[in-house]
Amino acid sequence: MTSSSGWHHGSTHRIRYTLALGVETGDRVEFIELEPGHYEIVAATLPVTALKGIVPKPDQPVSIDDMDTAIIGHADKAVDE
């Protein structure tokens, strides 16, 4: 679940938590359920465009058929284990 940081204005808890997370007005946070009734709040401040370049480009283009073959091969190995 993702939410913007628009908690009740003036809340002491809001100020403490948002300062600790580095969250500012308009930033996003994610609520991750660890177990029923227990959540972790994580700052989600990076835009999806920040992911660009994390996985290096292959030296040569990879065809859809090659990708499908690799996926099937890994799926077969996972089933055998």
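The values are calculated or read from the model by the stated rules, or taken from the named source; none is laboratory data. Since we're looking at a predicted model, the values are computed, not measured. Virtual Cβ from ideal backbone geometry, glycine too; neighbours counted across all protein chains shown.
In the stretch 55-79, of all residues being of a type in the set (A, V, I, L, M, F, W, C) and modelled with pLDDT of 80 or more, the one that is nearest to R14 (Cα to Cα) corresponds to V55. Residues in the stretch 52-72 that are of a type in the set (A, V, I, L, M, F, W, C) and assigned to a helix (DSSP H, G or I) were compared, and the one that is surrounded by the fewest Cβ atoms within 10 Å (Cβ to Cβ) is I64.
The residue pairs whose first member lies in the stretch 15-30 and is within 15 Å of P47 (Cβ to Cβ) and among the small types (G, A, S), whose second member is at pLDDT below 80 and not in a loop (DSSP other than H, G, I, E, B), and whose beta carbons are closer than 9 Å, counting only pairs six or more residues apart or on different chains, are G26/S4. Checking each residue in the stretch 44-65 for being basic (K, R) and more than 30 Å from D27 (Cα to Cα) picks out only K57. In this structure, is A75 assigned to a helix (DSSP H, G or I), among the small types (G, A, S) and surrounded by 10 or more Cβ atoms within 10 Å (Cβ to Cβ)? Spelling it out, A75 is indeed assigned to a helix (DSSP H, G or I), among the small types (G, A, S) and surrounded by 10 or more Cβ atoms within 10 Å (Cβ to Cβ).
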